[in-house]
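S.K.: Handing you this structure, nothing more for now.
Quick note: the coordinates plus some simple rules give every number you see, no bench work behind them. Predicted model, so just to flag it, every value in this text is computed and none were measured. We place every Cβ from the backbone using ideal geometry, glycine too, and count neighbours over all the protein chains shown.
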Amino acid sequence: MSIASALGLSSDKKVRYAVVGAGDITQQAMMPGIKHTGNSELTAIVTGDPEKAKELAKQYGVEHAYSYEQFDDLLKSGLIDAVYLGTPNWRHAEFAIPALQAGIHVLCEKPLEISTEKSQEIAEAAKVSSAKLMVAYRLHFEPATLDAIKRIRAGELGRIVAFTSCFTQKVDPKNHRATSGIEAGPLFDMGPYPINAIRYLFGTEPEEVVSAVATRQPDSGMDIDDTWAVVLRMPGDRLASFTVSYFANSVDSYIVAGTEGSIHMSPAYGFGTPLEQNRTVGEKKTHESFKATDQFGGEMRYFSDCILNDKEPEPNAEEGLADLRVIEGIVRAAETKGPVKLEPFVRTQRIDPDAQEQTLSPVKPGKEVNASGPTGD
């Protein structure tokens, strides 16, 4: 029996959310999807921009808007049950920890933070809190991704041997992603997608960063390393590689290859459009285009269900730590120009494709206020 049922609450009870940080992803993708989850509602907005607060509150019919400095007041207000953190990566702990200490559930964008040390602080706060923490790995609920996982687990591709991915976009040099150092650059911003894919497709954890190279194109207009290329060694001497870039034209793709077959996913990581698979098993080739879903609304719907029914969400703090462990190894390998062994890590919980799939229909992007996407659009 769920907690809601035990307490005699109606099945239409909704989790009340505040969005903290109202940048382009929050406005374009998360806020429009909250209403049609069926079990979540937006009741407060936290932003450092008063004009943004006013216009978004009007657009979404929200009565309560707070500045970042008023966050503690919001936690004590009784207006919310949970927060969605869409702040810059290095501000996640700043809001996640006090929320968890106040018994407020936290849905935190990835990466969980900018270091394993900060992530561990969040994990410890979640461990002793009555509230739940989930890292917003939206692809853990996306049908095409889950289908690939199921095929691999069923042995359709044989033993997985190799993975390669290219994930690139032309970022406006004036965008905050290109002006806030390595923690906002492509490794921390885009890298979690192929790193996470490697981990959930192989079903195990990388053992070594074989090599990591970061480059800075002279005509990129950015004062950061705009392109990274990485090779990881997986258990059993299997290899996984990826390239992420803020300067190359848009590519969104991965290939996972096994002894009996392969899956080429393209698009692989995006939202708003169908994700597609080209599969080869033996000599047989097939193509499948999966229906686009509201990935942001879907992950919130799943998290709210975990809250209402007292279930542990799968992409929890441990999942966030697992990716940051790899990112830190990549940074060390790039600095030392040599391989870096990773400390052993055991993931105690992995994706359950049958229980986690979400198929909410897509929603129209929100009307953005004082925000722009990475490409400057």
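S.K.: With only alpha-carbon atoms counted, please give the Rg and Dmax of the range 76-214, in Å.
M.R.: 17.4, 54
S.K.: Once the dipole of the chain is set up with Lys and Arg at +1 and Asp and Glu at -1 on Cβ about the Cα centre, which of ALA240, SER130, ALA22 lies farthest towards its positive end?
M.R.: ALA240
S.K.: So, with +1 on the Cβ of K and R and -1 on the Cβ of D and E, and no other charges, what is the size of the charge dipole of the chain about its Cα centre, to the nearest 20 debye?
M.R.: Details: 39 positive and 53 negative charges, 131 e Å.
Approximately 640 debye in magnitude.
S.K.: In the chain, how does Rg compare with the Kirkwood Rh, expressed as the Rg/Rh ratio over alpha carbon atoms?
M.R.: 0.95
S.K.: Let me ask you something else. Quick one: putting +1 on the C-beta of Lys and Arg, -1 on the C-beta of Asp and Glu, what dipole do you get for the range 42-113 around its Cα centre, in Debye to the nearest 20?
M.R.: 120 debye
S.K.: From the phi angles alone, apply the Karplus equation (6.51, -1.76, 1.60; θ = phi - 60°) to the range 264-274 and give each ³J(HN,Hα) in whole Hz, x where the residue is Gly or Pro.
M.R.: Whole-Hz 3J(HN,Hα) from phi for the range 264-274: 10, 9, 7, x, 10, 10, x, 9, x, 10, x.
S.K.: Quick one: Kirkwood hydrodynamic radius for the range 138-180, alpha-carbon pairs, angstrom, one decimal?
M.R.: Numbers: mean 1/r = 0.0734 Å⁻¹.
For the range 138-180, the Kirkwood estimate is 13.6 Å.
S.K.: Fully extended, how many nm does the chain gain between LYS58 and SER180 (0.36 nm per residue separation, minus their Cα-Cα distance)?
M.R.: 40.9 nm
S.K.: Also: Per residue of the range 296-309, in order, report the coupling 6.51 cos²θ - 1.76 cosθ + 1.60 (Karplus, θ = phi - 60°) as ³J(HN,Hα) in whole Hz, putting x for Gly and Pro.
M.R.: With the stated coefficients, the range 296-309 comes to 6, x, x, 5, 5, 4, 4, 5, 4, 5, 4, 5, 5, 10 Hz.
S.K.: Give the order of CYS166, CYS108 when sorted by the count of other beta carbons within 10 angstrom, beginning with the fewest.
M.R.: Fewest-to-most Cβ neighbours within 10 Å comes out as CYS166, CYS108.
S.K.: Can you give me the long-range amide H partners of LEU342? Hydrogens built in the peptide plane at 1.01 Å from N, cutoff under 5 Å, separation of 5 or more residues or another chain.
M.R.: GLU208, VAL209
S.K.: How would the range 294-377 be classified by its alpha-carbon gyration tensor: rounded, prolate or oblate, with rounded meaning a/c under 1.5 and the a/b versus b/c comparison settling the rest?
M.R.: Details: a/c = 3.08, a/b = 1.29, b/c = 2.39.
In terms of gyration-tensor shape, oblate.
S.K.: Of the beta bridges DSSP finds with both residues in the chain, what % are antiparallel, to the nearest 5?
M.R.: Details: 40 of 67 bridges.
Looking only at bridges with both residues in the chain, the antiparallel portion is about 60 percent.
S.K.: Let me ask something additional. Report the charge-dipole magnitude of the range 1-148 in Debye, nearest 20, computed about the Cα centre from +1 at each Lys and Arg Cβ and -1 at each Asp and Glu Cβ.
M.R.: 360 debye
S.K.: Averaging sequence separations of C-alpha pairs under 8 Å and six or more residues apart, then dividing by the length of the chain, give the relative contact order as a whole percent.
M.R.: 22 percent
S.K.: Same structure, new question: Taking Rh as the Kirkwood radius computed over C-alpha pairs, what is the Stokes-Einstein D of the range 27-67 at 20 °C in a medium of viscosity 1.002 mPa s, expressed in µm² per second?
M.R.: 203 µm²/s
S.K.: Rounded to a whole number of µm²/s, how large is the Stokes-Einstein D of the range 143-291 at 37 °C and 0.692 mPa s, given Rh as the Kirkwood radius over C-alpha pairs?
M.R.: On the way: Rh = 16.0 Å.
The diffusion coefficient I find is 205 µm²/s.
S.K.: I'd like the distance between the alpha-carbon centres of the range 25-59 and the range 229-267, rounded to an integer number of Å.
M.R.: Comparing the Cα centres of the range 25-59 and the range 229-267, I get a distance of 35 Å.
S.K.: For a quick check: with amide H placed at 1.01 Å from N, whose amide H comes under 5 Å from SER40's, ignoring anything fewer than 5 positions away on the same chain?
M.R.: Answer set, sorted by chain and number: VAL15.
S.K.: Just to confirm my numbers, what's the Cα centroid distance between the range 299-326 and the range 158-189 in Å?
M.R.: One Cα centre to the other: 23 Å.
S.K.: Please identify every one of the GluC sites (Glu not before Pro) in the range 39-102 that sits in a loop by DSSP and has no more than 12 other beta carbons within 10 Å of its own beta carbon. If you can, show how the numbers build up before the last one.
M.R.: Values: sites: GLU41, GLU51, GLU55, GLU63, GLU69, GLU94; in loops: GLU63.
Taking the range 39-102 and a limit of 12 other Cβ atoms within 10 Å, the loop GluC sites (Glu not before Pro) found are GLU63.
S.K.: Also, quick follow-up: Restricting attention to the range 133-169, which trypsin sites (Lys or Arg not before Pro) occupy a DSSP loop and are surrounded by at most 13 other Cβ atoms within 10 Å?
M.R.: Those satisfying the criteria are ARG159.
S.K.: Pull up all non-local amide H partners of ASP172: gap of 5 or more, or a different chain, and H-to-H distance under 5 Å with H placed in the peptide plane.
M.R.: Long-range HN contacts for ASP172: THR375, GLY376.
S.K.: Another question about this same structure. Of SER289, SER253, SER119, which has the largest mean-square fluctuation in a 10 Å C-alpha GNM of the chain?
M.R.: SER289
S.K.: So, one more: Simple spin-label model, 7 Å along Cα-to-Cβ: ASN370 to ASP237 in nm?
M.R.: 5.8 nm
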